[in-house]
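A.B. asks: If you scroll down you'll find the structure; I have some questions about it.
Values in this text are rule-based calculations from the coordinates and carry no lab data. Nothing here was measured: the structure is a model prediction, and the numbers come from that model. Cβ coordinates were reconstructed from backbone atoms using ideal geometry, including for glycine residues, and neighbour counts include every protein chain displayed.
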Amino acid sequence: MRVNNHPEDDAPPIVVEGLVNRFGDFTVHEGLDLTVRRGEILGVVGGSGSGKSVLMRSIIGLQRPTAGRIDVLGRTITEVDLDQGIGVRRRWGVLFQGGALFSTLTVGENVEVPLKKFYPELDPKLRREIARYKVILTGLADSAVAKYPSELSGGMKKRAGLARALALDPELLFLDEPTAGLDPIGAAKFDRLTRELKETLGLTVFLITHDLDTLYEICDRVAVIADKKIIAVGTIPELIATKHPWIESYFNGPRGRAAHASHDRNQIGGDQAAWQTEVDG
Amino acid sequence: MQDAAQYTLDDDGDQGAADGARLVLSGPLTLARIAPLERALKKLTGTIHTVDLSAVDEIDTVGAWVVCRTAREHDADITGASEAAQRLLHSVQGIGAGGDLRPPRAPVWERVPLAVGDKVYAGRSGIYGVVAFFGQILIAWVSLARRPSRFPFKALVHQMELVGVTALPIIGLMSFLIGIVIAQQGSVQLEQFGAESLTVNLVGRITLRELGVLMTAIMVAGRSGSAFAAQLGTMKLTEEIDAMRTIGISPVEVLVIPRILAATFMMVLLGFYASAAAIIGGAVVGEVTLGIPFWTFLSRIQEVVPEHDLWVGLIKAPVFGLIVALAGCYHGLQVRGDSEEVGRRTTMAVVSAIFAVIVLDAFFAVFFTEIGWG
């Protein structure tokens with residue numbers, strides 16, 4: 001966790017106002033508004049093709065929106081030249097769906113890339129050490145550091161991608177479907193890791209997911225994209241209380257109910273464990 | 001707030017120098033500011049008994065890592081850490097520093113024999129692969145011959161369009177220019193014997209026998225052979241080919257056979273078309289610089305070029321087309337692993353196709369001369 005002394009740090013890290021994204025005749029977003037609070041894990045949900053990834057790409061400046069204003073960490077992304085250094089790239093980390101590791105570099109070298117780019121003055125030895133402990137922090141084994149991406153499984157690639165996203169100790173972390181394609185055990189571990197990292201490093205996390213368990217377990221708030229805008233933001237009980245038909249069918253469908261039930265069970269188990277440690281301590 | 005991370009050594013006089021000093025760190029211990037401090041800390045000698053963090057106002061995992069490492073190297077305790085700093089220190093504590101980011105590299109005397117051995121094995125599996133590929137094509141032919149209704153006519157026509165029709169402009173232009181160059185350069189040399197009129201023989205015979213077909217084969221290898229390898233390679237990566245197998249469709253029947261047939265057949269037409277374009281190019285040079293009228297040039301071609309020159313070209317063309325298509329499809333289907341492999345296999349397809357075409361062309365040249373088609 002950083003001890004923050006910067007005045008701008010109290011402002012929300014991401015503010016999206018009146019975002020419009022249009023591809024030809026096809027409108028993805030029409031007047032979308034969203035504010036992400038500092039230090040929260042915000043889950044973003046929506047049907048397939050509802051524009052979750054487009055929203056993330058707009059926020060991180062991979063795509064120029066048709067209209068609207070996006071402020072990230074005090075910079076107006078919609079007004080800067082995206083091919084230039086925009087000053088905030090070293091303060092965020094992005095995990096793409098498949099990990100998007102550079103295939104010609106080992107895992108460790110992948111993590112080194114942003115360090116080399118943004119902090120060339122670092123001692124090479126320290127840089128290697130940083131790359132190494134980041135990889136291990138994300139739960140990969142020691143031996144994975146010197147492996148190439150093609151030698152890793154899907155889950156390991158995601159962890160390695162997360163290590164690269166965390167390379168610069170960012171304040172803001174973007175995760176695009178981090179648990180998609182992982183087995184339930186791997187997905188649960190990844191969720192726990194995200195939560196731990198958020199608490200230890202004081203991250204703000206923007207998380208796109210289809211995984212209802214992830215939403216219940218780790219998200220502080222959930223934003224729902226439908227009808228080309230964010231129709232609701234809040235905790236899951238608040239969302240269900242809105243009685244919007246899409247939200248209802250999303251959370252009250254068979255999968256939603258199962259995730260809710262398992263969350264309740266874990267809550268009880270978790271409290272039990274916390275109580276246990278207190279007694280032990 | 002200070003701009004850079006700093007340190008001071010406090011000697012704790014009353015405890016005596018034997019215990020060592022207290023290292024007091026201050027300022028922001030973050031990735032952006034830590035580089036100079038880290039360099040200075042590494043040069044520290046002498047014993048340090050405590051690392052004091054109470055004056056640190058900002059810390060991230062990199063700062064925690066440097067603190068942990070320094071404490072470990074000097075066998076010192078860490079004091080004055082805030083709750084947040086403690087959590088960071090705890091998360092990086094147990095992690096060792098050693099190790100390289102690259103897999104270890106074997107010494108040269110091991111690497112060279114290893115590389116040679118790998119090449120030998122790759123050569124062997126290459127031979128197996130080619131034989132297996134020919135076998136698959138043979139099987140596909142047999143099964144298509146048994147059930148002609150399954151023949152992929154649509155794919156064949158589509159590939160013929162891609163290989164043949166869309167190549168017409170570029171091959172026409174290329175051959176036309178080659179005809180111009182041969183006629184122009186040839187006439188300069190022949191002029192020295194006063195034999196400019198033999199330019200007609202030169203252009204007619206060399207384009208029909210050799211260059212028309214050879215240049216077309218190289219162009220088709222670059223255009224279509226590479227496309228075959230890249231298409232099939234990508235389909236292999238996206239598991240499209242596996243999907244076909246599970247449905248019971250033979251990928252060789254629906255993908256390879258139409259491509260091979262299309263390239264073989266279209267090479268004959270393209271080769272002839274290229275020769276014609278080259279002759280027209282020669283005729284233009286004749287008209288403009290040699291004083292041979294355009295139509296006279298063309299009718300002279302008929303008189304001076306023996307008929308078997310045309311057959312030489314037309315016999316070579318389908319063989320070259322077949323080789324180009326086989327190389328493209330074979331390398332495409334050999335793709336495994338990642339997207340880098342697609343690029344490598346595409347290159348190999350084009351290089352091996354052009355090489356094989358040129359080697360075979362040399363054999364053809366000797367062969368046709370031997371049978372009296374000189």
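A.B. asks: Starting from the Cα of B:H90, step 7 Å along the direction of its Cβ; do the same at B:Q192; then give the gap between the two resulting points in nm.
C.D. replies: Modelled inter-label distance: 9.1 nm.
A.B. asks: Over all directions, how big on average is the projection of the convex hull of the alpha-carbon atoms in region A:1-135, in square nanometres?
C.D. replies: 10.4
A.B. asks: Also, quick follow-up: Mind putting a number on the dipole of chain B about its Cα centre? Charges go on the C-beta only, +1 for Lys and Arg and -1 for Asp and Glu, and I need it in Debye to the nearest 20.
C.D. replies: 1940
A.B. asks: Let me ask another. Just the projected area, averaged over all directions, of the convex hull on the alpha carbon atoms of region B:31-116: how many nm²?
C.D. replies: For region B:31-116, averaging the hull's shadow over all directions gives 8.3 nm².
A.B. asks: What whole number of Å gives the distance from the Cα centroid of region B:99-121 to the Cα centroid of region B:237-310?
C.D. replies: Between the Cα centres of region B:237-310 and region B:99-121 lies a distance of 46 Å.
A.B. asks: Does anyone have the angle between helix B:61-74 and the longest principal axis of chain B? Alpha-carbon axes, 0 to 90°, nearest 10?
C.D. replies: Taking Cα atoms only, the helix is inclined about 60 degrees.
A.B. asks: For region B:163-287, give the magnitude of the charge dipole about the Cα centre (Cβ charges: +1 Lys/Arg, -1 Asp/Glu; no others), in debye to the nearest 20.
C.D. replies: With Lys and Arg at +1 and Asp and Glu at -1, about 160 debye.
A.B. asks: Moving to a separate point now. What FRET efficiency comes out for the pair A:A258/A:E238, r = Cβ-Cβ distance, R0 = 22 Å, nearest 0.05?
C.D. replies: Working from the Cβ atoms, E equals 0.60.
A.B. asks: Positive end of the charge dipole of chain B (Lys, Arg +1 and Asp, Glu -1 on Cβ, about the Cα centre): tell me which of B:Q6, B:C329, B:G194 has its Cα farthest that way.
C.D. replies: Going by the Cα projections, it comes out as B:G194.
A.B. asks: For chain B, what is the convex hull volume of its Cα atoms per residue in Å³?
C.D. replies: 295
A.B. asks: What is the average number of partner chain Cβ atoms found within 10 Å of a Cβ in A:129-139?
C.D. replies: Across the residues of A:129-139, the mean count of other-chain Cβ atoms within 10 Å is 5.
A.B. asks: Follow-up. I'd like the FRET efficiency for B:R344 and B:D100, computed as 1/(1 + (r/R0)^6) with the beta carbon distance as r and R0 of 41 Å, rounded to 0.05.
C.D. replies: The value I calculate is 0.95.
A.B. asks: Could I ask something else about it? Mind ordering A:145-156, A:195-206, A:126-137 by average Cβ neighbours within 10 Å, highest first?
C.D. replies: A:126-137, A:195-206, A:145-156
A.B. asks: Roughly how many whole Å is it from the C-alpha centroid of region A:191-270 to that of region B:173-209?
C.D. replies: 78
A.B. asks: Which of A:L212, B:A155, A:P170 sits farthest toward the positive end of the charge dipole of the protein assembly as shown, with +1 on the Cβ of Lys and Arg and -1 on the Cβ of Asp and Glu?
C.D. replies: Checking the options against the dipole of the protein assembly as shown, the answer is B:A155.
A.B. asks: What FRET efficiency, computed as 1/(1 + (r/R0)^6) with R0 = 51 Å and r the Cβ-Cβ distance, is obtained for A:D183 and B:I315, rounded to the nearest 0.05?
C.D. replies: 0.30
A.B. asks: At 7 Å along the Cα-to-beta-carbon direction for both A:D83 and B:I170, put a label point, then send me their distance in nm to one decimal.
C.D. replies: 2.7
A.B. asks: Let me ask something else about it. For B:I371 and B:I127 in the same chain, what is the full-extension length gain: residue separation times 0.36 nm, less their Cα-Cα distance, in nm?
C.D. replies: Full extension of this stretch gives 84.6 nm more.
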